[in-house]
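**Student:** Okay, here's the structure, questions in a sec.
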């Protein structure tokens, strides 16, 4: 389902993104907390996110109909599971039953939801 071109593009993007993170972190450390330059310094993150979106769209265009159906089901499973987790965490934080949770935890929920939907859909279309 994922070809070498996708993995190469994703690998290059990941290396560039890591460089952007390190560069932006270095710039942000040098800027005062009340500086207006903090907002433009964060723009490379948005450019990197747009590049990742473009890579995913290119891969989606290379899929056939069955691969698109599997990808759609996996994406919807990830979306709903992540949405349910976000709402649950927010409610638990509001009532005081849970402390602050890192967004990386929700990224793990997103990945688990995609994997769950992907393997379920592949099994169905076998």
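The values are calculated or read from the model by the stated rules, or taken from the named source; none is laboratory data. Remember, it's a predicted structure, so these values are computed and weren't measured experimentally. Because the Cβ atoms are built from the backbone with ideal geometry, glycine has one as well, and the counts that use them run over all protein chains shown.
**Student:** Return the only residue of 100, 38 being free of Cβ contacts under 8 Å to residues at least 60 places away in the same chain and assigned by TED's automatic domain parsing to the domain that holds residue 3.
**Tutor:** Every option except 38 fails the conditions.
**Student:** Identify, by number, the condition in (1) over 21 Å from residue 6 (Cβ atoms); (2) without any contact (Cβ under 8 Å) to a residue 24 or more places away in the chain that residue 106 doesn't meet.
**Tutor:** Tallying (1) over 21 Å from residue 6 (Cβ atoms); (2) without any contact (Cβ under 8 Å) to a residue 24 or more places away in the chain, residue 106 fails exactly one: (2).
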